[in-house]
Structures are given as C-alpha cells and as structure tokens.
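Take a look at the structure below.
The values are calculated or read from the model by the stated rules, or taken from the named source; none is laboratory data. No experiment lies behind these values; they were computed from the predicted model shown. Every residue, glycine among them, receives a Cβ derived from its backbone with ideal geometry; neighbour counts consider all protein chains shown. Side chains included, ligands, DNA and RNA excluded: accessible areas come from the protein's heavy atoms. Shrake-Rupley method; radii C 1.70, N 1.55, O 1.52, S 1.80 Å.
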Amino acid sequence: MDILNALVAFLNFVFIPAAAYGAQLALGALGITLIYGILRFSNFAHGDTMAFGTAVTIIATWALQSLGVSLGPLPVALLALPFGIIGCAIMVLATDRVVYRFYRRKKSDPIILVMASVGVMFVTNGLTRLLIGVDEIRFADGARFVIDVRSFREWSGLSEGLALRTTQVITVVMAVLVVWALFWFLNRTKSGKAMRAYSDNEDLALLSGIDPDRVVRLTWIIAAALMTIAGTLYGLDKAFKPFNYFQILLPIFAAAIVGGLGSPIGAIAGGFIVAFSEVAITYPWKKVADHLGIETGGSLLQLLSTEYKFAVSFVILIIVLLFRPTGLFRGKSV
C-alpha cells in the first residue's frame, strides 16, 4: 500500500502537472519552430502574443457568459477560442505588414528581425494590459475536477489522494488534437506542402511557382492559432496575468531549442522534457520517500525552490546550445 501511496503522490504532484504543462509548452514551441523554420527568425514577441490572444478569448468568454451561454462541465473559453484566434491572427498579420515585411523585402539579417520582434513584444505587452488590465484573472468555469481527492480516497482506500482537474484533461486532449491537425495539414494539403517546400529551399520553392506572400500569411495564421490555444490552455490551467506570459517565453524557447528549431516533432518532445525537468527538480520528494520508507533526515529532498523553476529552463537551454545546438532532433543550428 505504501508503494501505491508513493505512486499516487508522484502522479498527483509530478506526472499530471508536468504532462499538462508540457502540452502547453509543446504548443507554444510549435509556434516558435514554425516561425523560425519558415520566416527564419526567432520571434521574441511570442509570449506576449500568446497573452494578447488569450485576452481576446477571455473578453469573448465574458461576452458569451453575459448572454447565458454555458458548456456545462466544460469552460466557456473553449467556445470563445475561435474569436481569440481571429483577433490574434488579425494582430499578427497587421504586425507583419507594418514591421516584418519591410525587413523581409530588404533581405535583412535574421538578427534585425529578432530585434524588431523585441520592439513588437513591448508594444504587444502594453496593448494587452490596456485591453484587459494587469490583474490576475481566473476564467475556468464548469466542473473543476474530474477526480477529486476525497472521492479517490473513498474509492481506493489509500491515505494519499489524487486530484485530476478538468483543465488538465482538456489541455492534454486539445494538445493531441491540435498536433494531429497540424501534422495532417503540413503533410496532406497542398498549402502545407508549399510551406514545407518554402522552409526547405526558398529559392527552389519560388521557382516552382509557390506564392511567398501566401506562405507567410498562412504561417502567421497557424502560429496565431497555436499561440492563442497554448495561451488559453495555460490560463485555464493556472490563471491569466499578462506578465506570466512574458516569463513563459524562456521555457518555450528552451523547449523549441532542445527539440531542434525547425523540427515540429522536436518542439513537442522538448516541451515535455523541459516541463518534466522543471517540475521534478523543484518538487520536494519527501512525501514520496516517506511512503517508500526512505529516511530523509528532515530534508525536503528538493533540489531547487519553486522560485527557481525558470532557472531550470535556462540551464537546459545553455547546455543544449553548448553541446548540441541543432537539438535532439537535429533542427537548424542556433
């Protein structure tokens, strides 16, 4: 029974939170790697664009709730997601036309586009705060738990309880569906094949008659969808606060680089690697050790405090850049 209690504690405090967080990072990293692979620059405005798309989704959620719309046990934000995606797509397409297209036509070095994205980041951050404010917002309505601690204890007879939140299940299920849809689009549709061809060899793609402006537009629209979905799932699972999305930029970039920039499969794998590393290193393992009968001597068995969670991403990022800059799945060198 002690082994089962230790397993439940591991699932409750490490595996389930890390799986949900990893799915959010994977979707964010997919957007990063898509922009890098096709538009050939690292978008530092990614986190704040996620915040903007999520803010539009929240406003649409409030509007639907004011009309009496409900999805029962599911959050209304799922119904508001298309509005957030449309709002985010309009914003990124306008940004591309006003900012990035100028540098792209001048064939500026990628670092110029990166610095331009830093400026876009600050503008987007201010726009998001102006749109929805700076306070923490919780917008996850519907059923809070799929499995709650008390019911699990009564069912299992174990002393350790298991909690599985509705938002965690939604996050993982939606991430699987979005990843499947993206891979189907890139591999089975004419537009997706054109995007892959443009990414592999721009000059050859242009000679083949592929419209570069259309590829750029499609890239931004898909990236906007990924950013809005990832940001909304992150906000549902935790809470929405604009500054949190600036902070999450580091683990998202770490996930993309660990997997290999330009590699969609690598982005997914990198998201889960970073998430499980952050959670496992900052979790106090004393409870699991106690269930297993391991003497801890009063130690929490915590390698790092949770305040240093993002430091784990930074260390992983540095190690990968030093020893394998192409990432685990051999993406483009950073």
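Quick notes on this one:
- Condition met for Leu261 (in contact (Cβ under 8 Å) with a residue 40 or more places away in the chain, surrounded by 24 or more Cβ atoms within 10 Å (Cβ to Cβ) and in a loop (DSSP other than H, G, I, E, B)): yes
- Filtering the range 108-115 for residues that are among the charged types (D, E, K, R) and touching a helix residue (DSSP H, G or I) at 6+ places or on another chain (Cβ under 7 Å) leaves an empty set.
Residue-by-condition table, conditions (1) closer than 17 Å to Ile137 by Cα; (2) open to solvent by 10 Å² or more (accessible area, probe 1.4 Å); (3) charged (D, E, K, R):
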{"residue": "Ala19", "(1), (2), (3)": "no, yes, no"}
{"residue": "Gln24", "(1), (2), (3)": "no, no, no"}
{"residue": "Gly28", "(1), (2), (3)": "no, no, no"}
{"residue": "Gly31", "(1), (2), (3)": "no, no, no"}
{"residue": "Leu34", "(1), (2), (3)": "no, yes, no"}
{"residue": "Arg40", "(1), (2), (3)": "no, yes, yes"}
{"residue": "Ala60", "(1), (2), (3)": "yes, yes, no"}
{"residue": "Leu64", "(1), (2), (3)": "yes, yes, no"}
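- Check on Arg217, over 14 Å from Ala26 (Cβ atoms), of a type outside the set (A, V, I, L, M, F, W, C) and in contact (Cβ under 8 Å) with a residue 60 or more places away in the chain: yes
- Thr228 among the polar types (S, T, N, Q) and either over 15 Å from Ser42 (Cβ atoms) or open to solvent by 50 Å² or more (accessible area, probe 1.4 Å) (or both): yes
- Pro284, sole failed condition from (1) surrounded by fewer than 24 Cβ atoms within 10 Å (Cβ to Cβ); (2) in a helix (DSSP H, G or I); (3) of a type outside the set (D, E, K, R): (2)
- Filter result for Asp290 (free of Cβ contacts under 8 Å to residues at least 24 places away in the same chain, open to solvent by 40 Å² or more (accessible area, probe 1.4 Å) and under 29 Å from Asn125 (Cβ atoms)): no
- Selected residue (criterion: least open to solvent (accessible area, probe 1.4 Å)) from residues of the range 307-323 that are without any contact (Cβ under 8 Å) to a residue 12 or more places away in the chain and within 13 Å of Ala254 (Cβ to Cβ): Ala311
- Ser159 being out of contact with any Ser or Thr (no Cβ under 6 Å at 6 or more places or on another chain) and not in a helix (DSSP H, G or I): yes
- Looking across Thr61, Thr95, Thr54, Thr49, one residue alone is part of a helix (DSSP H, G or I), hydroxyl-bearing (Ser, Thr, Tyr) and farther than 27 Å from Ala255 by Cα. It is Thr61.
- Just one of (1) open to solvent by 60 Å² or more (accessible area, probe 1.4 Å); (2) among the β-branched types (Val, Ile, Thr); (3) under 29 Å from Asp237 (Cβ atoms) fails for Ile112. It is (3).
- Evaluating Ala255 against the criteria (1) in contact with a Gly (Cβ under 9 Å, 6 or more places away or on another chain); (2) closer than 15 Å to Ala18 by Cα; (3) modelled with pLDDT under 90 leaves one unmet condition, (3).
- Test result for Ala80, of a type in the set (Gly, Ala, Ser), over 15 Å from the mean Cα position of the chain (by Cα), within 27 Å of Phe145 (Cβ to Cβ) and in a helix (DSSP H, G or I): yes
- In the range 120-159, the residues that are aliphatic (A, V, I, L, M) and either surrounded by fewer than 13 Cβ atoms within 10 Å (Cβ to Cβ) or within 29 Å of Leu71 (Cα to Cα) (or both): Leu130, Leu131, Ile132, Val134, Ile137, Ala140, Ala143, Val146, Ile147, Val149
- Any hit, the range 312-327, residues being at positive phi, in a loop (DSSP other than H, G, I, E, B) and under 23 Å from the mean Cα position of the chain (by Cα): yes
- Residue among Asp48, Asp2 that alone is open to solvent by 10 Å² or more (accessible area, probe 1.4 Å) and acidic (Asp, Glu): Asp2
- The range 160-217 - residue that is open to solvent by 70 Å² or more (accessible area, probe 1.4 Å) and of a type in the set (Phe, Trp, Tyr) and, of those, farthest from the chain's Cα centre (by Cα): Trp184
- Residue count for the range 94-109, restricted to those that are of a type in the set (Val, Ile, Thr) and open to solvent by 50 Å² or more (accessible area, probe 1.4 Å): 1.
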